[in-house]
Amino acid sequence: MQLSISIVEQPNEIDDHLLDIIGNEFKFSHEKGLPEWLKNSVDAYIRQEPVVPDDQQFILLNFRDAASGEPPIIECIDFCGMSSQDIDKALKRWGDPKAASRGLKKHTYGGHGNGGKFYMRQMFERSYFLTFRQGKLNVFGFNERRKYGFAKGIKDKPCSPREAMKMAGLNELDLPSGVRDKIENGEVGFTVVRGIHPSKLRGSIPVSKICDKLRFHLRLGN
């Protein structure tokens with residue numbers, strides 16, 4: 001007599017060792033990893049409604065050398081911003097074919113949402129997204145053990161634009177004309193992807209060398 005069996009579906013469980021195996025296969029260098037961050041920022045602008053004009057789609061790469069006991073840092077900054085729901089639905093997921101488009105019928109440059117996260121996970125001692133949108137601040141990233149999650153006390157944290165910019169270090173930067181005012185007026189948000197203590201780099205970051213190789217990879221469409 002055959003049993004009538006109906007399987008109750010459950011989400012797949014993924015052991016972190018699988019992420020280590022896949023991550024090691026990426027064989028990242030910084031000039032290969034940075035385009036993944038750039039693609040994510042471009043896609044963030046593509047998803048915006050209303051559409052952001054091309055000449056207002058600013059993306060900044062910021063390199064900070066080690067100084068006064070502080071490690072070197074690499075940042076990619078755009079002026080869109082994410083909500084905690086965006087992070088839960090797309091950023092947290094590995095291998096999602098809709099991660100870049102978020103279900104919208106728009107052409108995007110990202111793929112399954114893996115490249116930028118693996119670059120963060122594999123090539124930095126710690127890394128995180130610090131993102132501000134509609135009056136709420138979120139920080140989500142990887143710790144020293146390559147485990148990810150929201151920063152304690154900084155999920156949907158009510159925050160003024162000026163306070164958020166100060167926490168993100170944007171007050172120290174020369175932002176594109178008009179952007180600071182738009183953030184303070186609530187017209188736009190921002191995301192800072194920050195990688196702390198980058199692998200293979202100590203002290204001063206060879207910015208010119210990295211940017212030359214980065215341009216090469218961008219021309220190849222990587």
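Scanning the stretch 12-52 for residues that are polar (S, T, N, Q) and within 17 Å of Leu91 (Cβ to Cβ) turns up Asn40, Ser41, Gln48. Checked against (1) more than 15 Å from Asp88 (Cβ to Cβ); (2) within 14 Å of the chain's Cα centre (by Cα); (3) at pLDDT 95 or above, Arg121 passes all but a single condition, namely (3). Under the condition of being aliphatic (A, V, I, L, M) and touching a residue at least 60 places away in the same chain (Cβ under 8 Å), which residue from the stretch 122-158 is farthest from Asn24 (Cα to Cα)? Going through the qualifying residues, I end up with Leu130.
Residue pairs whose Cβ atoms lie under 7 Å apart, separated by 6 or more positions or on different chains, with the first residue in the stretch 1-25 and among the charged types (D, E, K, R) and part of a loop (DSSP other than H, G, I, E, B) and the second at pLDDT 85 or above and surrounded by fewer than 10 Cβ atoms within 10 Å (Cβ to Cβ), do not occur.
Of the helices (runs of 4 or more DSSP H) lying entirely inside the stretch 127-222, those containing at least 1 residues that are within 26 Å of Gly69 (Cβ to Cβ) span 161-168, 207-219.
For (1) among the charged types (D, E, K, R); (2) within 18 Å of Arg202 (Cα to Cα); (3) out of contact with any helix residue (DSSP H, G or I) (no Cβ under 8 Å at 6 or more places or on another chain), each residue gets a yes or a no:
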{"residue": "Leu34", "(1), (2), (3)": "no, yes, no"}
{"residue": "Asp43", "(1), (2), (3)": "yes, no, yes"}
{"residue": "Pro53", "(1), (2), (3)": "no, no, yes"}
{"residue": "Phe58", "(1), (2), (3)": "no, no, no"}
{"residue": "Gly69", "(1), (2), (3)": "no, yes, yes"}
{"residue": "Pro72", "(1), (2), (3)": "no, yes, yes"}
{"residue": "Glu75", "(1), (2), (3)": "yes, yes, yes"}
{"residue": "Asp86", "(1), (2), (3)": "yes, no, yes"}
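Among the conditions (1) of a type outside the set (D, E, K, R); (2) at pLDDT 95 or above; (3) under 13 Å from the mean Cα position of the chain (by Cα), the only one that Pro72 does not satisfy is (3). Pairing residues of the stretch 51-67 that are under 25 Å from Gly195 (Cα atoms) with residues that are among the aliphatic types (A, V, I, L, M) and in a strand (DSSP E or B), at Cβ distances under 6 Å and at least 6 apart in sequence or on separate chains, gives Leu60/Ile77; Phe63/Ile74; Arg64/Ile73.
Being among the basic types (Lys, Arg) and either over 26 Å from Tyr148 (Cα atoms) or without any contact (Cβ under 8 Å) to a residue 24 or more places away in the chain (or both) is the filter here, so list the residues in the stretch 163-222 that pass it. Hits for the stretch 163-222 are Lys166, Arg180, Lys182, Lys209, Lys213, Arg215, Arg219. Looking across the stretch 80-114, just one residue is under 23 Å from Ser29 (Cα atoms), crowded, with 21+ Cβ neighbours inside 10 Å and modelled with pLDDT of 65 or more, and that is Leu91. Exactly one residue out of Val51, Val42 is under 26 Å from Leu214 (Cβ atoms) and either at pLDDT 85 or above or basic (Lys, Arg) (or both), and it is Val42. For the stretch 70-93, a residue qualifies if it is assigned to a strand (DSSP E or B) and over 20 Å from Pro35 (Cβ atoms), and exactly one does: Glu70. In the set Ser41, Ser68, only one residue is crowded, with 18+ Cβ neighbours inside 10 Å, farther than 16 Å from Gly141 by Cα and out of contact with any Pro (no Cβ under 6 Å at 6 or more places or on another chain); that residue is Ser41.
The values are calculated or read from the model by the stated rules, or taken from the named source; none is laboratory data. These figures come from a predicted structure and were not determined experimentally. Counting neighbours? That spans all protein chains shown, and the Cβs are built from the backbone with ideal geometry, glycine included.
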